[in-house]
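Student: Below: one structure in C-alpha cells.
The values are calculated or read from the model by the stated rules, or taken from the named source; none is laboratory data. Bear in mind the structure is a predicted one, so any value in this text is a computation, not a measurement. Using ideal geometry, Cβ is built from the backbone for each residue, glycine included, and neighbour counts are taken over all protein chains shown.
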Amino acid sequence: MIFITDLDKTFLRSDLSVSEYSVDIWNSFSYPLTIATARSYKGATTLLKNINLKYPLILLDGAMIANPDGNVIKINDIEKKTADELIDIVEKEFDERPLIVGFENIGDEKFLYPKKLNKYQKELLNNYKNDSRVLNIEHIRGLKHNLKLVYLGEKEKLANIEKLIKKLFNLETKLSNDPYMDCYFLTILHPLGDKAHALKILEEIMDVSKDEVTVFGDSLNDIGMFRYAKTSVAVKNALEEVKKEADIVLPHTNDEDGVAKYLSKFV
C-alpha cells in the first residue's frame, strides 16, 4: 500500500503548522507515505522540516516529481514560446499578468512576478519577503521550463481568462478559491501536469498498482487523483464537490489532525 496526502487544508493545519501528533504518526508510519501538493519543493519541504520524507514528492499540482533530496525525477512543463504567447494575450485582453514558477536550469527554482501587481498578488507576495527564488520582472516572460502560471483575482474575471485559454491552448487549468485569501486563483499547467497524471507516474516509479493507493485531499485540484486512486479520503473541511468524489469523508478537519487520525489505524 501507499498513502499520498495533499498539504494545505488537508495535512497541514490552517496556520500552516504540523502538530506533534501528526509528526509522530508520519514518522512512525510503516507504509510508504508521501505528498501531492500545489507547493514547490522548497515550500513543501520547509513546512515539513520535522517530517521524515522518504519517498518521491508530487509537487506544483503534479507538474513535477522530485526525490526528498530535491533531485528532479520528472517534469511536465509549458514551453517558453507557449507561455509568452499566453502571457501576451491575457495582458492585452484582460490587463492581467501571472506569477510563474519554474526553472531556467532544472533544480534552480524560480518564482517570477510582474512589476505591475493587482491587490491579491501584492498580498500573496508579502509571504515571500527575502526569498531568493522570487524575482521581480518588469516585462514578465516565460522561463525555459514553466511548471505553472498562476493568475489571482476575482472569480468572474479569472473564469473568462480560463475560457479564452481553453479556446486557444491545449493546457490544463484549475480555477479554485484561494484557501488563505479572499480571492480565486487560476493555475495553468502542462496538459499532463496535474496530480492524477503525476500519481500514475509515481505508481510506476514505486512499482505499485492503483488498487494499493489511498489519497487524501480537500480541494478541486485533488479531484483527478480521487477519481484515479483506489481509495480517496476527504477531510471534514473539504469542499462539497470534493466530498462527493470521496470514498471516505473523515469526521475530523485538517485542524483536528484528520489525516493523521486516519493513518493511526495503520501504525
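Student: Please go through segment 202-238 and give me each residue that is over 16 Å from the mean Cα position of the chain (by Cα) and under 20 Å from Tyr184 (Cβ atoms), ordered by number.
Tutor: Asn237
Student: Looking only at strands (runs of 3 or more DSSP E) that fall completely inside segment 163-239, which ones have 1 or more residues that are of a type in the set (Gly, Ala, Ser)?
Tutor: Of the strands (runs of 3 or more DSSP E) lying wholly inside segment 163-239, those with at least 1 residues that are of a type in the set (Gly, Ala, Ser) span 172-177, 213-217, 231-234.
Student: For segment 62-100, how many residues meet the condition of being of a type in the set (D, E, K, R), in a strand (DSSP E or B) and in contact with a helix residue (DSSP H, G or I) (Cβ under 6 Å, 6 or more places away or on another chain)?
Tutor: Total meeting the criteria: 1.
Student: To continue, here is another question. Of all residues in segment 170-184, which are in contact with a Gly (Cβ under 9 Å, 6 or more places away or on another chain) and over 16 Å from Asn146 (Cβ atoms)?
Tutor: The answer is Cys183, Tyr184.
Student: Further question on the same structure: Within segment 157-192, can you find the residues that are of a type in the set (S, T, N, Q) and over 30 Å from Asp15 (Cβ atoms)?
Tutor: Asn160, Asn170
Student: If the requirement is being within 25 Å of Ile205 (Cα to Cα), part of a helix (DSSP H, G or I) and not small (Gly, Ala, Ser), which of these qualifies: Thr34, Thr46?
Tutor: Result of the check over Thr34, Thr46: Thr46.
Student: Inspect all residues belonging to segment 214-221 and state whether any of them is without any contact (Cβ under 8 Å) to a residue 24 or more places away in the chain and under 18 Å from Leu57 (Cα atoms).
Tutor: Looking through segment 214-221, none of the residues is without any contact (Cβ under 8 Å) to a residue 24 or more places away in the chain and under 18 Å from Leu57 (Cα atoms).
Student: Ok, one more. Starting from segment 17-38, keep only residues that are aromatic (Phe, Trp, Tyr) and at pLDDT 95 or above, then list their pairs with residues that are assigned to a strand (DSSP E or B) and buried (at least 17 other Cβ atoms within 10 Å of the Cβ) whose Cβ atoms are within a distance under 7 Å, requiring at least 6 positions of separation or different chains.
Tutor: Trp26/Leu33; Tyr31/Ile2; Tyr31/Phe3
Student: Only one of Lys115, Lys110, Lys80, Lys42 is modelled with pLDDT of 95 or more and either within 19 Å of the chain's Cα centre (by Cα) or over 20 Å from Phe266 (Cβ atoms) (or both). Can you tell me which?
Tutor: Unique residue meeting the criteria: Lys80.
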